[in-house]
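Trainee: My questions will all concern the structure given below.
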Amino acid sequence: MTIQAFNKLKKDIKLKQLLSCCGSSVWAEQMMKLFPYSNESKLVEAAISIWYKRCSSADWLETFMQHPKIGDVKSLTKKFAGKEQASVNAASATTIKALANANKEYEAKFCFIFIVCATGKTATEMLQLLQNRLTNNIGEELHIAMGEQMKITILRFQKLISDGNWGFLKASQLTTHVLDTAIGKPGKDICIRLQLPVNGTWQTIAQGITNADGRVADLLPTQKILTPGNYKLVFDTGGYFASQKTNGFYPEVEIQFIIKNETHYHVPLLINPFGYSTYRGS
């Protein structure tokens, strides 16, 4: 379907399709008011603006509740060990059981299910990310889940309007990669937090985990622009070195920097057990 065909659908069908992309009734109703959309870019721009500026916490929670609960061992085994996950490393029974238990702990703490854009992530990466996010407070976790939901919404737009022009979509405005200079290899499976100061306290607004190349390319939803100001990336280097059975000196590495405009920012980290360095990359 093209964006033009989407515009021409009957009103009730358009509403149903929007709700299949994001389950907030307020969000969908606001999106309906802006039809027709001249192109895919305008559709995404409206989706992001309404999600962040016009929706309340009740609307976000309504959306989260529309996701199927994937928390038991059987469903997780099907997701991560089935044939449809051929591109993903098969998950061990131990990892799947730990993921199921962490899902239950998450829901008990936050009263909504774990929301994450799981595309391309292994069960091990999901488990580390989930365990890391369990340490958040409710305000931080709600903000992070909002961002993950918008990533999911945009992916669903792309599937819905499969004949559309999506070439305008860019990577996260903020990206990073980690290189372990002691062994000359990427630092994989490192949990990373993006924080900003709120009333004198650093608040986590996004979280990610480095992939096999040591990169996090989707820390923020595509097209999401950060407000100019001070930010901080926090890298769980202690967990990384522990997984490598190496004694590291720094349990965490914090990098503060300034976002000045809408351009792309790449903030790499070069680490070894007893030192680190950073720079603004491209």
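The values are calculated or read from the model by the stated rules, or taken from the named source; none is laboratory data. All figures in this text were calculated on a predicted structure; none of them were measured in a lab. Don't worry about glycine lacking a Cβ; one is built from the backbone with ideal geometry, like all the others, and counts go over all protein chains shown.
Trainee: Read through the list (1) in a helix (DSSP H, G or I); (2) over 19 Å from L155 (Cβ atoms), then give the number of the only condition that S49 fails.
Mentor: So the condition that S49 fails would be (2).
Trainee: Only one of (1) surrounded by fewer than 21 Cβ atoms within 10 Å (Cβ to Cβ); (2) closer than 30 Å to I13 by Cβ fails for F157. Which number is that?
Mentor: Of (1) surrounded by fewer than 21 Cβ atoms within 10 Å (Cβ to Cβ); (2) closer than 30 Å to I13 by Cβ, only one is false for F157: (1).
Trainee: Give me the pairs, please: first residue somewhere in segment 257-271 and acidic (D, E), second residue anywhere and part of a loop (DSSP other than H, G, I, E, B), beta-carbon distance under 6 Å, and either six or more positions apart or on two chains.
Mentor: If the second residue must be part of a loop (DSSP other than H, G, I, E, B), the pairs left are E262/I225.
Trainee: Mind listing whichever residues of segment 228-247 are surrounded by fewer than 19 Cβ atoms within 10 Å (Cβ to Cβ) and either assigned to a helix (DSSP H, G or I) or modelled with pLDDT under 95 (or both)?
Mentor: Result: G238, G239, A242, S243, Q244, K245, T246, N247.
Trainee: With respect to I161, is the statement that it is aliphatic (A, V, I, L, M) and in the same structural domain as E252 (by TED's automatic domain parsing) true?
Mentor: no
Trainee: Looking at the structure I just gave you, is K224 in contact (Cβ under 8 Å) with a residue 40 or more places away in the chain, outside the structural domain of T63 (by TED's automatic domain parsing) and surrounded by 15 or more Cβ atoms within 10 Å (Cβ to Cβ)?
Mentor: yes
A quick yes/no check of all residues on (1) closer than 22 Å to K53 by Cβ; (2) not charged (D, E, K, R); (3) not assigned by TED's automatic domain parsing to the domain that holds M150:
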position: A182; (1), (2), (3): no, yes, yes
position: Q203; (1), (2), (3): yes, yes, yes
position: Q207; (1), (2), (3): no, yes, yes
position: G214; (1), (2), (3): no, yes, yes
position: T246; (1), (2), (3): no, yes, yes
position: F249; (1), (2), (3): no, yes, yes
position: E262; (1), (2), (3): yes, no, yes
position: L269; (1), (2), (3): no, yes, yes
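Trainee: Scan segment 16-36 for residues that are hydroxyl-bearing (S, T, Y) and buried (at least 19 other Cβ atoms within 10 Å of the Cβ) and jot them down.
Mentor: Of everything in segment 16-36, just one residue is hydroxyl-bearing (S, T, Y) and buried (at least 19 other Cβ atoms within 10 Å of the Cβ), namely S24.
Trainee: Would you mind telling me which numbered condition in (1) out of contact with any helix residue (DSSP H, G or I) (no Cβ under 7 Å at 6 or more places or on another chain); (2) not in a helix (DSSP H, G or I); (3) not aromatic (F, W, Y) K109 fails?
Mentor: (2) is the only condition that K109 fails.
Trainee: Please list, ordered by first then second residue, the pairs with beta carbon atoms under 6 Å, 6 or more apart or interchain, first in segment 170-185 and farther than 15 Å from L220 by Cβ, second outside any loop (DSSP other than H, G, I, E, B) and of a type in the set (S, T, N, Q).
Mentor: T181/N272; A182/N272
Trainee: Here's something else I'd like to know. Quick one: V178 ticks every box in (1) β-branched (V, I, T); (2) surrounded by 16 or more Cβ atoms within 10 Å (Cβ to Cβ); (3) assigned to a loop (DSSP other than H, G, I, E, B) except a single one, so which number is it?
Mentor: Among (1) β-branched (V, I, T); (2) surrounded by 16 or more Cβ atoms within 10 Å (Cβ to Cβ); (3) assigned to a loop (DSSP other than H, G, I, E, B), the lone unmet condition for V178 is (3).
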